[in-house]
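The structure under discussion appears below in the form of structure tokens.
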Amino acid sequence: MPIFAYEAINAQGQKETGELEAANRNQAILEIRNAGLKPTKVAQRAETAATKKSAAKEEKGPSRTKGGKIKGKANAQQLTDFTAQMAVLIDAGLPVVRSLKVLSRQQKPGAFKFILEDVSESVEQGSSLSEAFSNHGRTFDKLYVNMIKAGEAGGILDTILQRLADFMEKSQRLKKKVIGAMIYPIIVMSVAVMILTGIMIFVVPAFEQMFAEQGMELHWMTAMLVGISRGIVSIWGIIFVGVVIAGAAGLMAWGRTPGGERVIDKLKLKLPIFGPIIKKAVTARFTRTLGTLVMAGVPILESLNICKNAMGNVILGEAIDKVANSIKEGETIAGPLSETGLFDDLVVNMVDVGEETGELDKMLMKVADTYDVYVDIAVESLVSILEPVLIVFMGGAIGFIVIALFLPLVGLIDGISQA
């Protein structure tokens, strides 16, 4: 279908530009007017090889599973951008179907574009927006679907979409900060390992051959270095690397089993230095998710069930399950949270105050903000400590190699001087 570029004037008298697909120019003008705009210029965009390829891909349609569901899903950034834009369109008074069509046209060809088109079609056929989203569980999780359902029930869909967008933006921001902070230490460690491996494989054997030709007696440091180098380049070194790789692969496979995942998640929380950071990061995710759901009017038991599956840690997920069971028996949230022993006093006290004052959602969001700041500072502090430690380690290792290689040469020079 041809693509038309247009310029138009909106109800406020402001100029707007954009693109849309239409069978012909007259249909394009009609669609622009239906959107509440006054077109001033409409022209068909020249079709390039890239757009022809894109159109062919769209005509072919999305890849689907045996069950008929669209393969693939949106990435976190795509979903965040879509949610924020959808909130703006709904707030501006555009109907849900038209908003979905506008946003689907903006997407590049791919799984998410097809998903939005499918959602739009489902809503046109009479499904609610939450029902249409629930058909694509890989992209729209339970948290997302339940929030939309609450927004539809309360007539505050635009507000809920904005809260969802804020929630996802904050989660994305924290994740990017943590990943960004760890990139430099990982690069330094990787470079150090490659340099040391290269020295042990190529440089040390050359020195060993020279020492043997000169008949030199090796210092214990040099002998140790030569022994390590021989081990690395020998068949036993290859076997050792193979065993390490196989062991790591086996551990990862075991970690995906329910029992293995539980053990690993428990160890994560008990790790020195890293454990408290992981615990607070997961707690921040829990309180922000629960606060967002409660703010949207989702029932507390349903909210806790969603949080349990979104925790990212089996041990803390089980603790949330126990809290939900206690609430079913008539208890408050704060008491069972305290009994788990996994949540700090700050969390318990803030939840307790929130329940007493009827502002649980606000208190939960304050806890989440506090813990996000703590995690951010803790990660930055950890990285600032790791950087000099890695540099000292690398310098020490290279220094040891240099000294070990030159000790025999010093002995040789002394012997020549005495002669």
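Structure data summary
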read-out: Test: residue in region 310-325 that is in contact (Cβ under 8 Å) with a residue 40 or more places away in the chain, in contact with a Lys or Arg (Cβ under 6 Å, 6 or more places away or on another chain) and surrounded by 15 or more Cβ atoms within 10 Å (Cβ to Cβ); value: yes
read-out: Test: residue 131 is over 30 Å from residue 17 (Cα atoms), among the acidic types (Asp, Glu) and either assigned to a helix (DSSP H, G or I) or modelled with pLDDT of 85 or more (or both); value: yes
read-out: Pairs with Cβ under 8 Å, 6+ apart, first in region 330-351 and over 17 Å from residue 299 (Cβ atoms), second outside any helix (DSSP H, G or I) and modelled with pLDDT under 90; value: 337/343
read-out: Matching residues in region 334-353 - criterion: being surrounded by 18 or more Cβ atoms within 10 Å (Cβ to Cβ), over 28 Å from the mean Cα position of the chain (by Cα) and within 13 Å of residue 320 (Cβ to Cβ); value: 336
read-out: Enumeration of residues in region 229-265 that are within 22 Å of the chain's Cα centre (by Cα) and of a type in the set (S, T, N, Q); value: 257
read-out: Members of region 116-128 found to be in contact (Cβ under 8 Å) with a residue 24 or more places away in the chain, loosely packed, with under 15 Cβ neighbours inside 10 Å and in a loop (DSSP other than H, G, I, E, B), listed by number; value: none
read-out: Boolean, residue 293 is in contact (Cβ under 8 Å) with a residue 12 or more places away in the chain, under 28 Å from residue 177 (Cα atoms) and hydrophobic (A, V, I, L, M, F, W, C); value: yes
read-out: Residue 279 vs. criteria under 21 Å from residue 145 (Cα atoms), basic (Lys, Arg) and crowded, with 17+ Cβ neighbours inside 10 Å; value: no
read-out: Among (1) buried (at least 21 other Cβ atoms within 10 Å of the Cβ); (2) closer than 30 Å to residue 192 by Cβ, the one test that residue 384 misses; value: (1)
read-out: Residue tally, condition among the β-branched types (Val, Ile, Thr) and surrounded by 13 or more Cβ atoms within 10 Å (Cβ to Cβ), over region 168-208; value: 7
read-out: Sole exception among (1) of a type outside the set (D, E, K, R); (2) within 28 Å of residue 137 (Cα to Cα); (3) not in a helix (DSSP H, G or I) for residue 323, by number; value: (3)
read-out: Selection from region 255-274 of residues that are of a type in the set (A, V, I, L, M, F, W, C) and either assigned to a helix (DSSP H, G or I) or touching a strand residue (DSSP E or B) at 6+ places or on another chain (Cβ under 9 Å) (or both); value: 263, 264, 267, 269, 274
read-out: Residue count for region 8-29, restricted to those that are surrounded by 12 or more Cβ atoms within 10 Å (Cβ to Cβ) and within 20 Å of residue 89 (Cβ to Cβ); value: 10
read-out: Evaluation of residue 150 against (1) without any contact (Cβ under 8 Å) to a residue 40 or more places away in the chain; (2) part of a helix (DSSP H, G or I); (3) over 19 Å from the mean Cα position of the chain (by Cα) (one fails), failing number; value: (1)
read-out: Some residue of region 239-254 being at pLDDT 85 or above, within 30 Å of residue 371 (Cβ to Cβ) and assigned to a helix (DSSP H, G or I); value: yes
read-out: Any hit, region 156-171, residues being farther than 18 Å from residue 81 by Cα and either assigned to a loop (DSSP other than H, G, I, E, B) or touching a residue at least 24 places away in the same chain (Cβ under 8 Å) (or both); value: yes
read-out: Condition check for residue 138: surrounded by fewer than 17 Cβ atoms within 10 Å (Cβ to Cβ) and outside any helix (DSSP H, G or I); value: yes
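The values are calculated or read from the model by the stated rules, or taken from the named source; none is laboratory data. Just so it is clear, the structure is predicted and the values come from calculations on it, not from any experiment. Note that each Cβ is placed from the backbone with ideal geometry, even for glycine, and that neighbours are counted across all protein chains shown.
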